[in-house]
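Working notes, structure below.
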Amino acid sequence: LRSSTTPDIGADEGDFVPVVTGLTAPQVSISLVQEQLILSWEPVPNATFYKVLYSLTPDDWNYNTYHTTSANQYISVPGLSTFFFRVIACR
């Protein structure tokens, strides 16, 4: 939604990745339980939610392709492809 008082800076707001300093990176464990892939981690102090990013390659992170959760785990049904995950603590 734009108005005459909102400047257009030539980019979509969804293109930006907020940078939050002061939060530690979660140490993620991965397990497979009854056909479900479970990513889990210890809660990060001061984090209010986590972004779980996924990619088909380890070098191509699309920061618009993610799930958001306030829990300290994420459950996915594995597909036929190999996926790479990254968990980011946010506040």
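The values are calculated or read from the model by the stated rules, or taken from the named source; none is laboratory data. What you are looking at is a predicted structure, and each value in this text was computed from that prediction instead of being measured. Reconstructed Cβ throughout: ideal geometry from the backbone, glycine too, with neighbour counts over all protein chains shown. These accessible areas exclude ligands, DNA and RNA; they are computed on the full protein's heavy atoms, side chains included. Shrake-Rupley method; radii C 1.70, N 1.55, O 1.52, S 1.80 Å.
Say we look at the stretch 58-71 and pick out the residues that are open to solvent by less than 60 Å² (accessible area, probe 1.4 Å) and of a type outside the set (A, V, I, L, M); which of these is modelled with the lowest pLDDT?
In the first step, residues of the stretch 58-71 are kept if they are open to solvent by less than 60 Å² (accessible area, probe 1.4 Å); the result is 61, 65, 69, 71.
Those left that are additionally of a type outside the set (A, V, I, L, M): 61, 65, 69.
On the way: 61: 80, 65: 73, 69: 93.
My answer is 65.
Which condition number does residue 55 fail, the rest of (1) surrounded by fewer than 11 Cβ atoms within 10 Å (Cβ to Cβ); (2) more than 13 Å from residue 25 (Cα to Cα) being met?
Answer for residue 55: the failing condition is (1).
In this structure, is residue 86 open to solvent by 90 Å² or more (accessible area, probe 1.4 Å) and of a type in the set (D, E, K, R)?
No; evaluated as a whole, the condition is false for this residue.
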